[in-house]
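Here is the structure we will look at.
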Amino acid sequence: SAHRAAVGHLHRQHYGRLYPVLLVGTDGSTTHLRYCEPKRIIMLPLDSTTLPEAERKARLRRHFPGKSRPRVEETFDGIDLDTYKRFWKK
């Protein structure tokens, strides 16, 4: 009957809408595909075991930077306060 489409529903577990997405491979190649979530770009993870040792260490340094150095606090000993008198309220 013609009323089946109005009464029934899609027999799928997931919603049928797929979104166009750009997939970027580890070698830089790109592929257009359809994905279930609305994303612009999906980047595949890089396998660090295939990289040269120097590049692998450089990537690790970028991802996990070292400890930050403590900042040196400025002191007001060398400042002449007479130059800033015009900014004080009278």
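The values are calculated or read from the model by the stated rules, or taken from the named source; none is laboratory data. Everything quoted here is computed from the prediction, not taken from an experiment. Cβ sites come from the backbone with ideal geometry, for glycine too, and all protein chains shown count toward neighbours. Just so you know, the surface numbers come from the protein's heavy atoms only, side chains and all, with ligands and any DNA or RNA stripped out. Shrake-Rupley method; radii C 1.70, N 1.55, O 1.52, S 1.80 Å.
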- Inspect all residues belonging to segment 62-73 and state whether any of them is assigned to a helix (DSSP H, G or I) and more than 30 Å from residue 18 (Cβ to Cβ). yes
- Message: Every residue in segment 1-54 that is open to solvent by 90 Å² or more (accessible area, probe 1.4 Å), at pLDDT 70 or above and polar (S, T, N, Q), please.
- Response: 49, 50
